[in-house]
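The values are calculated or read from the model by the stated rules, or taken from the named source; none is laboratory data. In this text, all values refer to a predicted model and were calculated from it rather than measured experimentally. In this analysis, Cβ positions are derived from the backbone assuming ideal geometry, glycine residues included, and neighbour counts consider all displayed protein chains.
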Amino acid sequence: MAVRPEPLARPAPVFGRPLSLRGVLEREGVFSWLMLAPGVLFLLAFVAYPFFYGIFLSLQDRPVARAGVFVGLANFVTLAHDAVFWQVTRNMFFYASVTTVLKLGGGLAMALVMNQHFRGKNLARASLLLPFIVPTALSTIAWMWILDPTFSVINWLLVHGGVITSGFSWLGNATLAMVSIIIVNTWRGMPFYGITLLAGLQTISPDLYEAAAIDGATTRQRFRYVTLPIIKPVLIIVTMFSVIFTFSDFQLIYALTHGGPANATQVYATYAFDLGMTGGQLGMGAAVALSMLPALALLIVVLTLYLRRE
Amino acid sequence: MVGGRGLGARMLRLYLPLSLFLILMLFPFYWMLITSIKPNRELYNARIMPLVVYQPTLKHYIDLLTQTNFLTWTYNTFLVAIVSTVVSLVLGTMIAYPLARMNFPGAAVVAIGVAATYLVPQPLLFIPMADIINKLDLGNTLQAVMLTYPTLLIPFCAWLLMGYFKSVPRELEEAARIDGASRFKAMTRIVLPLCTPGLLSAGIFAFTLAQNEFLYALIFLAKSDVRTVPVGAITELIRGDVFYWGQLMAAALLGSIPVALIYSFFVEYYVAGLTAGSVKS
């Protein structure tokens, strides 16, 4: 970016007196705030206000159809003694970290494979991104049938391939249900990593690889000392985004397991839904949702600062 | 590009992993398709080979279109997605433009605020939002989701568009203003037309996000005739423990096709939107 000399004077009002309506509207500050006002007011009313209202609700005993009673931190104290809540917390961190590692590894592999020259590359890229495009609830319906206890095609393949003698109950067993939601989340999210990292890889000049090759670097060394340092910023941003969105995962789990069996796949969003919407305890639900805030806030602050610096 | 030597190496580092990725990513869609055209006697027979269809039928599609509200859901989904995309593009542009091109007091606070609202996850907001929608008496109306979807889309649109707006040289705008154009005219006549790719990216992205939204639609839309496709399929085609798998798959496929089709026309813009936040070109 070239440094632009500051204009010596503000552009003079083209016609009219200095204090005409038009003159005022043409001022940078006035124009800016007039443009911003509708959007900012909207976000204040429907993001900022609900956010603080959520905090207010979490401090209340608030059944859905009645007025709330202020109870201080009682909801959080109840949660701290709630075995399900701690299971939800463990599930959440396990689910988020395992899927992140799988998506990152798989996505990086996908990007490296795609970063070669071959015919039909654009078609391949468009197809690989499909899991990310298609509404999650709808693709999850396909997965429900793929993981069906009786008619699972995975079971059919495993049994007929001689790997196992009788099929797994994918969604009925606590461990396998967790494995299932991890598989589906990875399937859905990996293309996001793959295609974004591919875009990162494509910014690397081929000259760098040539220079490294002339210096005698092996493939592994080229990856370690050329590729990785250049795509590191992309890697960090994509991962943080993905972690934030995995933390707020709802529809995949709601559709596939409803948090079951016996809360084995329950996460913050589904548990908050169960308590707040199904159970009608808005206060408890809001408290569960807020419990994800400390970890998320840390991520969000780091990411916001990082993005601002860019 | 540094590549291997010979067909063997190319097989190993390109075609083999690529086909593996393609099969893994596309298999569920193949499964949707063939399940939706299988007659029930093939669908619920565990002994026959499930990977192909022996006697394809359109019965599930006919049932879906005649016995359920699927067409209404599709209409609702589109209406809501289009309205919220347009609203988000307009308000997003109005936020992004001053932030990208003007100096004014409070700009930094607004910029941070917009970034933060983009990252505040929906599960944090849906319970208070449900109460607010109730108080506004908007339950079971499409307005409820038209009002709430832009909260997810505006910050994204604004943020994506800022990058595009910054890239237009200031001299163009100044020339227009010297010729007598107001700031507003300079924006609509000079800068916005030059940023058409950015507006398309943001629009396509917002549209697919709106089609994908599930949580607000699930909470706010409890009546069949106001539901969207994802919520309608999950809540009404699964009745208790009875699954209508053929119909479910037909609904999943028909619900996915419009998004996939629109996406396929604008792949480049979509990818540009996807990578805008993280990759600087």
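Need the failing condition index for residue B:138 against (1) assigned to a loop (DSSP other than H, G, I, E, B); (2) over 17 Å from residue A:42 (Cβ atoms), just the number.
Of everything listed in (1) assigned to a loop (DSSP other than H, G, I, E, B); (2) over 17 Å from residue A:42 (Cβ atoms), residue B:138 misses just condition (2).
Would you mind listing the helices (runs of 4 or more DSSP H) fully within the stretch B:157-256 where at least 3 residues are surrounded by fewer than 19 Cβ atoms within 10 Å (Cβ to Cβ) and among the hydrophobic types (A, V, I, L, M, F, W, C)?
In the stretch B:157-256, the matching helices (runs of 4 or more DSSP H) lie at B:170-178.
Give the number of residues within the stretch B:117-146 that are more than 19 Å from residue A:242 (Cα to Cα), without any contact (Cβ under 8 Å) to a residue 12 or more places away in the chain and either over 23 Å from the mean Cα position of the chain (by Cα) or facing chain A (nearest Cβ under 9 Å) (or both).
Count: 8.
Please verify whether residue A:159 is modelled with pLDDT under 90, more than 9 Å from chain B (Cβ to nearest Cβ), assigned to a loop (DSSP other than H, G, I, E, B) and more than 27 Å from the chain's Cα centre (by Cα), treating the condition exactly as stated.
Against the criterion (modelled with pLDDT under 90, more than 9 Å from chain B (Cβ to nearest Cβ), assigned to a loop (DSSP other than H, G, I, E, B) and more than 27 Å from the chain's Cα centre (by Cα)), residue A:159 does not qualify.
Each row is one residue, and each column tells you yes or no for (1) in contact with a Leu (Cβ under 8 Å, 6 or more places away or on another chain); (2) among the hydrophobic types (A, V, I, L, M, F, W, C); (3) modelled with pLDDT of 85 or more; (4) within 22 Å of residue B:222 (Cβ to Cβ).
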| site | (1), (2), (3), (4) |
| --- | --- |
| A:224 | no, no, yes, no |
| A:239 | yes, no, yes, no |
| A:270 | no, no, yes, yes |
| A:309 | no, no, no, no |
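Is it fair to say residue A:138 is touching a helix residue (DSSP H, G or I) at 6+ places or on another chain (Cβ under 6 Å), outside any helix (DSSP H, G or I) and closer than 29 Å to residue B:218 by Cα?
No.
In the stretch A:267-284, what residues are part of a loop (DSSP other than H, G, I, E, B) and either closer than 17 Å to residue B:124 by Cβ or more than 13 Å from chain B (Cβ to nearest Cβ) (or both)?
Scanning the stretch A:267-284 gives a single hit, A:267.
Among (1) in contact (Cβ under 8 Å) with a residue 24 or more places away in the chain; (2) surrounded by 23 or more Cβ atoms within 10 Å (Cβ to Cβ), which single condition is residue A:273 missing?
Evaluating residue A:273 over (1) in contact (Cβ under 8 Å) with a residue 24 or more places away in the chain; (2) surrounded by 23 or more Cβ atoms within 10 Å (Cβ to Cβ) leaves (1) as the failure.
Do we have residue B:41 as surrounded by fewer than 12 Cβ atoms within 10 Å (Cβ to Cβ) and in a helix (DSSP H, G or I) here?
So residue B:41 passes the test.
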